[in-house]
Structure formats: C-alpha cells, structure tokens
Amino acid sequence: MCGIVGAFLRGKPCLAALVRGLRVLEYRGYDSVGVGVLQAGELVVRRKAGRIEELERLLAADAGALDEVSVGIGHSRWATHGPPTDENAHPHCDWRGRIALVHNGIIENYQELRAELALRKIPLRSQTDTEVLAHWIGIELEGAGGDLAEAVRRALLRVRGYYAIAVLSGGERPQMVASREGPPLCLASTPEGAWLASDPLALIEHARDIVFLEDGDVAELAPGKLVVRGRDGALVARESVHVAWNAEAADRGGFAHFMLKEIHEQPDVVARGLFGRVDLERGDVTLPGEFFSDASLKQVTRVQISACGTALHAGLVARYLIEGLAGVPVDVDFASEFRYRQPVLVPGTLALGISQSGETADTLAALRLARSLGCRQLSFCNAVGSTMVRESEATLLLEAGPEIGVASTKAFVAMLVAATLFAVRLGRARARLTRAAASELLGELGRMRMNLERLLTREVVDKIRALAERHKDARGFLFLARGINYPIALEGALKLKEISYKHAEGYAAGEMKHGPIAMIDRDMTTVVIASRDSVASKVRSNIEQIRARGGPVICVGDDEESLAVSDERVVVPGLSPWLSPIANVVPLQLFAYHVALARGCDIDKPRNLAKSVTVE
Ligand code: F6R
C-alpha cells in the first residue's frame, strides 16, 4: 500500500539511496513512482506513472543535474484515489511549491478539506487525497512561523484517516518531517545521515537501530537528529529496536523471482521457527513469558482467530490443531468481517491475530476490537517492530525473514509451524496432550526440514513445472481437500489465481457434490490434496467421481491409493495428518509459480495487488 522513503545526508548525494530504497519497497505498490529533492534550497520533483525504470529514465534525462542533492523523499504508489497517472504520482507539492509530500494511506475527509481549499481559491492539479494534505500543510506553514514540523502537526489535526507521510521543505533551513497514524513508518539517524522508510528492510543498508513511530507521532529528522513530538506538540521518547536482518535477505540470491527464492527457503524457515523452542525430553514447547505459562493458558476458554488472505488460511489450519491437540474451541474470521459485526466473546477468549506484515489494517482493527471487549491478545507475526507486535500482549515471532514476493509462501509455512507449537503448548498446559504424544509430534516437526527439502529437489520441481505447462490453459481449477488440508485447498487456489490470473476455487471435498461437480469436464483441472488420514477413502471417492465425468485430476499427497487412481500425481513424504499441511502446500506453491511463469505473468508483482494492505 505505497512505499515511502526519505534521506537527509550530511554532504553526500542521496538520489541513488532513495532509488534503492524504492526498489526494496516496490512490493508495496508499483502504479507510479517519484522523488522530491532539494537542489540549492529549491524543491525539484520527478514523478511518473509506471515502475522504477520510468523514474530512472526521467532522472537520466536530467543528465546528472541532481547528482549532488543530499536531501530527498520518494514514493512508490498503490493507487487509491485517482488512477495511476503522472499527475497523481507522488510527491505532491503545495500551491506555492514550498513543501513536497509523500503519503501512504487514505485521507478520509479529503472532500471536506478540498471544499475549503476551493473557497481559498487554491487550485488542485490531481485527483488524489494527498495533494489536499500538501496544500493544508502549506497553509499551516504561515501560522507555524515557517517551522515544517509544527505545520505538519497542525495540519494533521484537521485530518481524519490513516497515513504515513514524509514532508520536505526547502529554503534556508531545509526540514524533513515524518508522521504516522496507522501505516508503518520507521526512522534512523546517525551523524552521517537520517533515513525514513515504510519498512525497515529499506533502512538496514544504512542503520540497524531503528525507531518505529507510534500513531500520532510527528518526527523531525536530520543527520544526528531525531526529535519526536506527540499530537499535542509535547516531546516523546521513542526507543530504537535493533533489526538483525541482513541486507542480502532483501535480494533474489540467484533465483528468477523472490517467490521462488522464498519457496526454497522454507526448509530453513521451519528450522528457524523451531530453534530453541522445542524440548523433546519434556515433550513440550518453550515459549518465553508469563503469557505462555500453564497457569495463564489454563484460563483460555476459547480462541478467536482473525486474519486476512493467506494468513487466514493459516488460521483455519490452526483451528484444527488447537481444537484437536488442546481441546479448546476455536472460531476463525476474516478480520474484515469480524471487525464490523458484533461478536459475542465469552470470558476467557483469547484473540489470536495472524499476519506476516503485522500492519494489515483489518487484522489490527480486529485485534483492537477484541482488546476493547476484554480479550487477551496473541499474535503470530513475522515483522519485528510492527504495529501488531507492539500492540499485542504476546507474540510468537515467525522468524521467516523478510518476505518480498507479493504472494506469501514462506510466511505461511512459518505460520503453520507457529500454530503447531502453540497448539502443543496449550495442549500440554491443559493436560490434554501427553508428553509422549507431544514428543512424537515435535520430533516429526523437527524432521520437517528434511521432508521439505525432498519436495524441493530438481526432480520434483521439474515434474511440477511439466504439470503446470500441461495444465496452464485449463478453463479453470478446482482445489479439493478435507479436514486439516481443506485450508490448503483454499491456499492452493489463492496462490494460483493471484499470480497467474487463472480462475481457481478451493473447496471442501465433501461439498463437491453439492454444486461444483457441475463444472467438471475435460477443460477443468482438479487438484486433490490426499493425505493418509481418517477421511482418505472419502477423498478417493471424489477423485473417482471427477474422473468418471472426464475431468483431469492431479493428486498431491501421501495417500497411495488416491495417487494411484489419479491422472497425474506429486508424492509428498508420509507425515502425521497434523503436520501434512506444511508439506502439502509446497507443491501447490510451485504449481502456481510455474503456471504463472508459463503464462508470462509478473510473478513478484501481480497486477492490482500490494504486499502490505494497510488500507481497508
Ligand atoms: C496472498 C497474500 C495475502 C496476505 C494478506 C494478509 O499471497 O499474501 O493474502 O496473506 O494480505 O497479509 P498479512 O499476513 O501481512 O497480514
């Protein structure tokens, strides 16, 4: 949902660093791109619809004229108000060209502010909500005696909505100011320079000690300076967080796409998620803090999971694990639905939010609602320092490392690992799971790294590529499974549709005969996930029914009989049904990847999508 960057360097050129930062953040939106810099105190803006290459072409046309500038802000856009045109690209300036603004979020009352600007005869040049705020800051600059930080603070008092912004002003005293209300914004300042970005990934090449702004903060940055004030103008202290990710984590490391790299990282991700958390001897999971103690977990009467997209699918798997291993009832909701209904939460309900980014607007709102209703909150989250981690009472960090591919893969697998660990801890705390049963399951989870490696060999990958090439022109795809693998059918369909634009639906296999079977013919490919579990024979019957109607079936799993009666197959190592989703999803990710590749799609930047959905 838009990426913003800023750099204020001590006497060193900043343009290349801004463009590199935008490249790291491009996953957040790629409709248009732009920078605003200060050249001899004057604001210069370069912006363009399209991707970073467009901006690079514009900058090349300047023939080095901006090479020496040392202060600037930049933006990559995911359009909300107004189509992705040059005029709507950020930065936006006030009508006198004294300030430039980049913005991630939505100004909800922009029509009202727009009407006031019209009364003041201030002309608007774009259809964005952002430009309105730029003028408003320009207006406040007078009353603030030319101080940009104060003008921003005053202007934001008029704004309803959510935003992360960076603002630049020139003249004799250049100022760079940032503020947030909702979407993330992180900052760093050293004697050499000050930087800001929507994601710490864009900062780690410059600094590791990073300050995450809180809602309502207005910060002014310069080399060696980082002053943060609250809405009321009073100074506030913000501690920095040390971010240990390395810069290499943010490049493709020889893979054609981030998505493929991240699929191949999954064996390591599983191992990292388990590191230091498993005690086979005691048959238990070690998680730090009082929250995870027996006494605390015994008070949990129900679990309410809220999440979106792929994270929601992880939540659906978590339901099977928590109910099955810990005997605690679980509800799972789309965060976007949960937040707007009037949920009835019984005393002792634990609200569990699941999110890779920790910044998804709906998931954050769902957790806040649950908190206001008296629930304790736990999050499974990948982004250290994210809003979700900071707001939750406890967090199980996913430890998947930065996920850049817009289609989530390794974070999903890490969520399944976290769900298993939590379900085991809860089951042990409530004496529902025996030491021996827990130890066996955790031992098998420890071997998952090796099992995932077996699914990522050249041989298996080539086989899936060939399958994808044969089926890429199917009219549509149905993904079927039952039980704990039903959410994997949903996930397989989501992966395929989001990156290949083929229509795909995930269905509970038992529901097939209640409607979807009407769609079966030889142009409709069905992918069946068949694990050797208590419902294996029923899934096998579904396969027979589809084949009897001429529909091609690809079977993924470890149930030999289902594999044998299908047209094509990907064999997954035999696993306990509880853990089978972790392995079964991998061939489906690869299948989606190769269908998209064969169809020539832009895999890491699928159309209309953005990695982090910080708006509703
Ligand atoms: C799909 C995908 C999205 C996200 C969803 C939630 O591949 O990535 O469906 O899962 O937008 O994002 P997080 O996990 O950041 O809350």
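The values are calculated or read from the model by the stated rules, or taken from the named source; none is laboratory data. Just so you know, these numbers come straight off a predicted model, no measurement behind them. All Cβ positions, glycine included, derive from the backbone under ideal geometry; neighbour counts span all protein chains shown. Note: accessible area is taken over every heavy atom of the protein model, side chains too, but ligands, DNA and RNA are not part of it. Shrake-Rupley method; radii C 1.70, N 1.55, O 1.52, S 1.80 Å.
Some observations on this one:
- Note on region 560-616: residues that are on the phi > 0 side of the Ramachandran plot and within 16 Å of the ligand (Cβ to nearest atom) amount to 1.
- Scan region 418-456 for residues that are in contact with a Ser or Thr (Cβ under 9 Å, 6 or more places away or on another chain) and of a type in the set (A, V, I, L, M, F, W, C) and the total you get is 4.
- Among the residues here, A436 qualifies as on the phi < 0 side of the Ramachandran plot, more than 15 Å from the ligand (Cβ to nearest atom), aliphatic (A, V, I, L, M) and open to solvent by 20 Å² or more (accessible area, probe 1.4 Å).
- Filtered by the rule that a residue be more than 18 Å from E262 (Cβ to Cβ) and either assigned by TED's automatic domain parsing to the domain that holds K495 or open to solvent by 10 Å² or more (accessible area, probe 1.4 Å) (or both), region 395-407 gives a lone residue, T395.
- Where a residue in region 344-364 is at positive phi and open to solvent by 20 Å² or more (accessible area, probe 1.4 Å) and its partner, wherever it lies, is more than 8 Å from the ligand (Cβ to nearest atom) and not aliphatic (A, V, I, L, M), with Cβ under 9 Å and at least six apart: G348/Q299; G348/T301; G348/R302; G348/C375; G348/R376
- Residue ID - surrounded by the fewest Cβ atoms within 10 Å (Cβ to Cβ), chosen from residues in region 584-613 that are modelled with pLDDT under 95 and among the polar types (S, T, N, Q): N608
- Checking A419 against (1) within 14 Å of the ligand (Cβ to nearest atom); (2) closer than 18 Å to R272 by Cβ; (3) surrounded by fewer than 24 Cβ atoms within 10 Å (Cβ to Cβ), the condition it does not meet: (3)
- In region 373-385, the residues that are more than 9 Å from the ligand (Cβ to nearest atom), among the small types (G, A, S) and surrounded by 24 or more Cβ atoms within 10 Å (Cβ to Cβ): S379
- Residue tally, condition in contact with a strand residue (DSSP E or B) (Cβ under 7 Å, 6 or more places away or on another chain) and either free of Cβ contacts under 8 Å to residues at least 60 places away in the same chain or open to solvent by 10 Å² or more (accessible area, probe 1.4 Å) (or both), over region 170-183: 8
- Number of the exception - D331 against (1) open to solvent by 10 Å² or more (accessible area, probe 1.4 Å); (2) within 16 Å of the ligand (Cβ to nearest atom); (3) more than 19 Å from the chain's Cα centre (by Cα): (2)
- Scanning region 298-328 for residues that are at positive phi and more than 16 Å from the ligand (Cβ to nearest atom) yields a single hit, G327.
- Meets criteria (part of a loop (DSSP other than H, G, I, E, B), at negative phi and of a type in the set (A, V, I, L, M, F, W, C)) for L66: yes
- Tally of residues being out of contact with any strand residue (DSSP E or B) (no Cβ under 8 Å at 6 or more places or on another chain), touching a residue at least 40 places away in the same chain (Cβ under 8 Å) and not in a helix (DSSP H, G or I) across region 499-520: 1
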